[in-house]
Amino acid sequence: MTVSNTSKRRQPSLAQLRAFSAVAEHLHFRDAAAAIGMSQPALSGAVAALEETLGVTLLERTTRKVLLSPAGERLAVRAKAVLDEVVALLEEAEAVRAPFTGALRLGVIPTVAPYLLPTVLRLAHDRYPDLDLQVHEEQTANLLEGLTTGRLDLLLLAVPLGVPGVVELPLFDEDFVLVTPLGHPLGGRSGIPRDALRELNLLLLDEGHCLRDQALDICREAGRADAPVTTTAAGLSTLVQLVAGGLGVTLLPRTAVRVETTRSDRLLTGYFQEPAPTRRIALAMRTGAARRAEYQELAAALREALRPLPVRVLGADRPVPACN
């Protein structure tokens with residue numbers, strides 16, 4: 001039997017690759033050590049051992065900062081690919097052992113979490129008691145970063161995303177409604193035309209929230225060239241209280257109306273004429289996820305559980321529209 005030279009070489013350990021990958025990401029030994037739960041001396045030793053094993057210098061160390069060498073730049077990509085494959089291997093093994101067991105790290109956007117999580121958590125408790133559901137509330141960009149890097153397993157958020165390598169499982173469409181202070185001429189009305197948005201003082205969420213971008217898109221579709229923003233809020237609860245205080249009006253998704261508008265008696269809700277502006281909510285997973293069959297089953301169960309809400313539940317094969 002012939003043994004190749006490659007097989008005779010010393011092999012780097014996963015700990016060494018993990019340490020180097022962390023340093024390559026953070027370019028700081030202390031931050032890298034904290035990120036992977038390793039002491040700084042152990043991390044430094046692991047990287048040095050990897051350099052010795054590979055026979056190349058991976059890092060350029062100065063008194064002030066850490067830089068990747070040209071070899072380090074190339075091999076950091078390979079190291080991350082190896083670690084990603086190890087994570088995929090463990091996920092596959094876990095999925096094979098038993099469906100709906102172990103941890104499921106679910107990322108949720110802030111404009112969905114307070115209104116849908118009660119249904120999601122109740123479903124998980126009743127139907128999947130052995131599932132360790134871990135919820136992370138973050139904005140869309142952070143959730144997508146977490147999904148693509150393997151930090152998160154599944155997302156619950158507004159679509160379309162238009163992100164390569166991410167599969168969307170549509171759940172439902174919901175209308176937006178207009179929330180106004182008492183005495184506003186559109187307060188409590190039905191059949192509000194979209195072009196009414198052209199002249200309104202619209203209050204929005206801070207930048208980074210997809211709901212802000214959706215509201216601006218609705219305004220542009222209504223013929224509003226710009227939407228000057230003088231007041232913003234970090235969350236829908238604050239936004240609605242600003243409306244109650246008479247600072248303007250805002251758009252709310254239907255699932256948020258009952259929770260947010262019952263906190264004040266100085267609010268009115270108006271409804272747009274058909275077709276009303278809408279948003280679509282979906283689960284999102286990585287293409288080729290090891291637990292894709294579980295996620296598809298979870299999506300089907302969620303669609304049924306969400307039917308009592310003021311939404312239009314979608315079929316599993318409902319197409320997701322392309323990004324504009």
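The values are calculated or read from the model by the stated rules, or taken from the named source; none is laboratory data. As the structure is a prediction and not an experimental result, all values here were calculated from the model. Every residue, glycine as well, gets a Cβ built from its backbone with ideal geometry; the counts of neighbours run over all protein chains shown. SASA here: full protein model, heavy atoms, side chains in, ligands and nucleic acids out. Shrake-Rupley method; radii C 1.70, N 1.55, O 1.52, S 1.80 Å.
Around the amide H of L104, modelled in the peptide plane, lie the amide H atoms of D132, L133, Q134, all under 5 Å away and 5 or more residues distant in sequence or on another chain. Taking a ≥ b ≥ c as the square roots of the eigenvalues of the alpha-carbon gyration tensor, segment 65-182 is classed oblate because a/c is 1.5 or more while a/b is no larger than b/c. For V177, nonlocal amide neighbours, meaning residues 5 or more places apart or on other chains whose placed amide H falls under 5 Å from its own, are L252, R254.
Counting protein heavy atoms only, segment 14-75 has 53 percent of its accessible area on carbon and sulfur, 1.4 angstrom probe. Only protein atoms count toward the accessible area here, which uses a 1.4 Å probe; on segment 230-317, the carbon and sulfur part of that area reaches 49 percent. Note that segment 265-270 has calculated 3J(HN,Hα) couplings of 9, 10, 10, 10, 10, x Hz, one per residue in order, obtained from phi through the Karplus relation 6.51 cos²θ - 1.76 cosθ + 1.60 (θ = phi - 60°); glycine and proline are x.
When only Cα pairs under 8 Å and 6 or more residues apart are kept, what is the percent relative contact order across the chain?
Result for the chain is 20 percent.
Note that the chain presents 52 Å² accessible area per residue, ligands and nucleic acids not counted, probe 1.4 Å.
What is the angle, in °, between the Cα long axis of helix 140-149 and the longest principal axis of the Cα atoms in the chain? Nearest 10 is fine, range 0 to 90. In the chain, helix 140-149 runs at an angle near 30 degrees to the longest axis.
Summarised in one figure, the compactness ratio Rg/Rh of segment 33-114, Cα atoms and Kirkwood Rh, is 1.12.
Assign one of three labels to segment 168-284, namely rounded, prolate or oblate, based on the Cα gyration tensor with a ≥ b ≥ c the square roots of its eigenvalues; rounded applies when a/c is under 1.5, prolate when it is not and a/b is larger than b/c, and oblate otherwise. Here segment 168-284 falls in the rounded category. Quote the charge dipole size of the chain about the Cα centre in Debye, to the nearest 20; the model charges only the Cβ of Lys and Arg (+1) and of Asp and Glu (-1). Dipole size: approximately 340 debye.
Sort 197-206, 80-89 by packing, meaning the average of other beta carbons within 10 Å per residue, with the highest value first.
Per-residue Cβ counts within 10 Å, averaged per peptide and sorted highest first, yield 197-206, 80-89.
Report note on the peptides 146-155, 50-59, 105-114: ranked by the mean count of other C-beta atoms within 10 Å, highest first, their order is 105-114, 146-155, 50-59.
Relative to the longest principal axis of the Cα atoms of the chain, helix 40-54 runs at roughly 60 degrees. The convex hull built on the alpha-carbon positions of segment 135-217 has an orientation-averaged projected area of 7.4 nm².
Helical runs (DSSP H, four residues minimum) scored at -39500 (n - 2.57) apiece and divided by the length of the chain put the mean residue ellipticity at 222 nm at -13000 deg cm²/dmol.
On full extension, the segment bounded by L90 and R9 gains 26.6 nm, given 0.36 nm per residue less the C-alpha separation.
Between [x] 22.8; [y] 19.8; [z] 23.5, which entry matches Kirkwood radius over Cα pairs in Å as derived from the coordinates of this structure? Computed from the coordinates, Kirkwood radius over Cα pairs in Å corresponds to [x].
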